[in-house]
Amino acid sequence: MNTLIKQIKQELRAMMNGVASAAMRNAGLTADYRVNFGVELPRLKGLLDEIRTEMLPTLPMPEEGTNEARLAQMLWHESVRECRILATMLYPPKEFLPEVADIWVRQISTVEIAQIAAMNLFCKMPNASEKAFQWIAAEEDMTQIVGYYTLMHLLRGNQLSERSEQELKDQAAVAMQSENVQLQKAAMKALAFINEE
């Protein structure tokens with residue numbers, strides 16, 4: 001598996017977009033990563049297809065879970081922006097346990113990863129709604145941001161119960177008082193989906 005991680009990093013280095021990487025660095029968006037290759041999402045999706053069709057089939061099957069879940073866990077723990085994004089795309093949502101989600105949420109430090117993880121994985125995992133409501137009630141701003149983005153994706157085409165809708169409105173009202181602009185934006189985006197109904 002370590003050889004596969006090394007191979008993926010080599011692929012990412014070959015795809016590196018120096019201009020995008022420098023722009024993110026100058027904007028202060030990559031301070032929490034050891035490496036940021038600046039690779040765009042469509043190119044990462046292409047690499048994901050290659051990982052699934054050419055790289056993973058060469059690995060022996062694990063006794064528990066799947067190779068996708070194992071590789072996603074390893075990618076998440078790399079201090080590389082693109083590895084974290086790939087991890088959210090690769091992890092099978094049905095295997096993504098709520099306790100693992102809590103660990104990952106605590107490790108998210110950028111709004112970009114919060115948005116991508118919410119869209120690719122958190123909104124599709126078992127008990128996603130329950131987790132999202134726990135996260136929006138947390139003390140940490142980034143945990144709340146993840147919760148609001150997860151709810152936003154869950155609400156696409158779905159309705160909340162009256163009680164859940166009121167809880168979201170109450171929590172969002174508190175978030176709107178925050179000095180954290182990103183938290184305010186996340187809460188407003190989630191609210192927009194219940195106001196569309």
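Scanning segment 100-145 for residues that are modelled with pLDDT of 95 or more and of a type in the set (Asp, Glu) turns up 102, 130, 139, 140, 141.
Condition check for residue 129 on (1) over 21 Å from residue 72 (Cα atoms); (2) among the hydroxyl-bearing types (Ser, Thr, Tyr); (3) in contact with an Asp or Glu (Cβ under 6 Å, 6 or more places away or on another chain): one failure, at (3). Residues that are surrounded by fewer than 13 Cβ atoms within 10 Å (Cβ to Cβ), of a type in the set (Asp, Glu) and modelled with pLDDT under 95 within segment 157-184 comprise just one, 162. Residues that are within 25 Å of residue 78 (Cα to Cα) and β-branched (Val, Ile, Thr) do occur in segment 149-161. For residue 102, state whether it is acidic (Asp, Glu) and over 15 Å from the mean Cα position of the chain (by Cα). So residue 102 fails the test.
Here is the figure for segment 76-114: residues that are among the hydroxyl-bearing types (Ser, Thr, Tyr), under 18 Å from residue 126 (Cα atoms) and out of contact with any Asp or Glu (no Cβ under 7 Å at 6 or more places or on another chain) total 1.
Testing residue 80 on (1) farther than 15 Å from residue 191 by Cα; (2) at pLDDT 95 or above, one condition comes back false. Which one is that? Failed condition: (2).
Select, from 58, 88, 53, 66, the only residue that is hydroxyl-bearing (Ser, Thr, Tyr) and touching a Leu at 6+ places or on another chain (Cβ under 6 Å). Being hydroxyl-bearing (Ser, Thr, Tyr) and touching a Leu at 6+ places or on another chain (Cβ under 6 Å) holds for just one of 58, 88, 53, 66, which is 88.
The values are calculated or read from the model by the stated rules, or taken from the named source; none is laboratory data. These figures come from a predicted structure and were not determined experimentally. Neighbour counts run over all protein chains shown; Cβ positions are idealised from the backbone, glycine included.
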